[in-house]
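Novice: One structure follows; several queries about it will come next.
Laboratory data are not the source of any read-out in this text; all were calculated from the coordinates shown. Only a predicted model underlies this, so the values are computations on that prediction, with no experimental measurement involved. In this analysis, Cβ positions are derived from the backbone assuming ideal geometry, glycine residues included, and neighbour counts consider all displayed protein chains.
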Amino acid sequence: MDTQKTILAFALAVVIFLLFQAWQEQNAPKPVTPTAVHQSVTTPSTPTPAGASAPAAVATPIVAPVSTSFRPATGPTVPFQTPVFTGQIGLNGGDIQNLGLRHYPQAVDNPAPYPILDTAAARLTIQQSGFVSSDGQTLVAQFAVPAVQSADGQPIILTGKAGPLTVKKTWTFQPDSYVVEEHITITNSGSAPWSGSYFDQFLRNDRAKSHMFMSIFTGAVLMHKGNFSEQSFSDIRDHPVLKAGPGWAGMMDHYFLAAILPPEHAQTQVYARPSGANYVAGTSTPLPILAPGQSTTITQQLFLGPKQQQTLAAMGRGLEQTVDYGWFAVIAEPMHVVLTWFHGLVGNWGLAIILLVIVVKSIFFYPSAISYRSMANMRKLQPKLEKLKKEVGDDRQKLGAAMMELYRSEKVNPMAGCLPIVLQMPFFMALYWVLVESVSLRQAPFILWIHDLAIPDPYYILPLLMGVSMFFQQRLNPAPVDPMQKRIMSALPVIFAVFFSFFPAGLVLYWLTNNLVSIGQQYLITRHIMAAKD
């Protein structure tokens, strides 16, 4: 194997990896999004899963029925606003129905807050909560308009009824925090004991975006007894999930997460299942048996915001696992820390990417030098290889034997360029996922025409420059002896330029910088070896 074959194999491996990621996403079945959501009042109860036990004086835990769905955007709402949120709470259920993230515009040319929760059919994602009694009835609280509706920094307190229950729900929003506290006090106002459970969930339609050559997970996320899992919409439809024990549940897309966080050691149930043509992910908390006049209180949190790794890790609930670096997490996580540190120094994510690439190339300076020396020595042998080709003709077996004999006589090891490239592949792929997963690069400008490093270059200038850099890099490498391989190598700069025109500008900037640094190092080594006397 010569160095040209190694480079070609590396390039093809990257392409195959990315195409496989895209194939996995594009072949997942997607149900049709409905135009309306229908209301269900009563359904059969859901049995407790095997292994789940109810605590003393507590009713059997019952999760939200499979068909539970409510009609969104009906009835009055209570508006609210904080430094990070702008939203509404519906009085039918007392849940957050619309929520915009003020620090995250929808697009570079659309400054409206990003709707992490939305009642619109096209972007349907809403919170739903209620009670399931031990006889299978679903009860949704109907709240009155509160006296204080939109006081910044003040709790929003709702009171209402859900069947025989009197419910008081208090929403507390902390300044500059994406964590919301939810306090629910339930009082049995009826004349008979009541038992059941409280469920809280997110309902979402399947509107996963198709990312060219990139598989970005969109779906439900569950944490159960310390074990994190991602549940795609197709998986949920085929295999609904119900697990008893401490944990949390939520929905996430590329950059944002909506999660329900019961107390860390609460004996809840977490679940993900279809709901008509939509999907729900949530938690169910068993309630004590309430005698007439008795009350109980549930306190839990919601996280509604961007997947900032440091913020999620600081919460200590495993939320940082929603930032998925895949197989390369052990490398990608420290690389993300370094990238963030560079951004703190220079204040520009594009410059931070350039500095990070330089650091990675510095770490592999000596392994890369071995590879480039091998290429330079192979290039120096090019005239002799061409002569062998003419002497041997089309006899591939004889040509291979003659080439190996030439390598031995000239003390050139064609394999010397392989290992350094193989060693660098995990770092290249780890950096790729850092740039794909980082919400910090969303709508982050670089220079001039690059206003968003997370989307493709609108004028294709960076992909064109990357293709040109590959062309010049190939000029420093020994030309392949095989004519077919030579034609393939000549076409690679054009193929990669077209291929990378679909990639986010941040990724293309990374690859372009990597090529330019490699060209500089390879040029110096090649010039030194070619100038040396035989």
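Novice: For the pair residue 216 and residue 460, what calculated FRET efficiency results from E = 1/(1 + (r/R0)^6), where r is the Cβ-Cβ distance and R0 = 25 Å, to the nearest 0.05?
Specialist: Values: r = 22 Å, r/R0 = 0.88.
The calculated FRET efficiency here is 0.70.
Novice: Assuming R0 = 35 Å, what is the FRET efficiency of residue 362 and residue 176, from their Cβ-Cβ distance, to the nearest 0.05?
Specialist: Efficiency for this residue pair is about 0.40.
Novice: Now a separate question. Return 336, 343 ranked ascending by Cβ neighbour count within 10 Å, so the fewest neighbours appear first.
Specialist: Values: 336 24, 343 21.
By the 10 Å Cβ count, ascending, the order reads 343, 336.
Novice: Sticking with this one: Fewest first, what order do 340, 297 take by the number of other Cβ atoms within 10 Å?
Specialist: In order of increasing Cβ crowding within 10 Å: 297, 340.
Novice: Something else: Multiply the residue separation of residue 338 and residue 498 by 0.36 nm, subtract the distance between their alpha-carbon atoms, and state the gained length in nm to one decimal.
Specialist: Additional length available on full extension: 54.6 nm.
Novice: Now for a different question. Assuming R0 = 60 Å, what is the FRET efficiency of residue 238 and residue 524, from their Cβ-Cβ distance, to the nearest 0.05?
Specialist: In this case the efficiency is close to 0.60.
Novice: Moving on. I need 134, 469 ordered by Cβ neighbour count within 10 Å, fewest first. Don't skip to the answer; put the middle values down first.
Specialist: Working: 134 16, 469 21.
With the fewest neighbours first, 134, 469 line up as 134, 469.
Novice: Okay, next question. Hey, which of these cross-link pairs are over 30 Å Cα-Cα: 169/307; 225/361; 161/225; 168/243; 361/384; 161/307?
Specialist: Violating the 30 Å limit, Cα to Cα: 225/361; 161/225; 361/384; 161/307.
Novice: Could I ask something else about it? Measuring from label point to label point, each 7 Å out along Cα→Cβ, what is the residue 404 to residue 108 span in nm?
Specialist: Placing both labels 7 Å along Cα→Cβ, they lie 5.4 nm apart.
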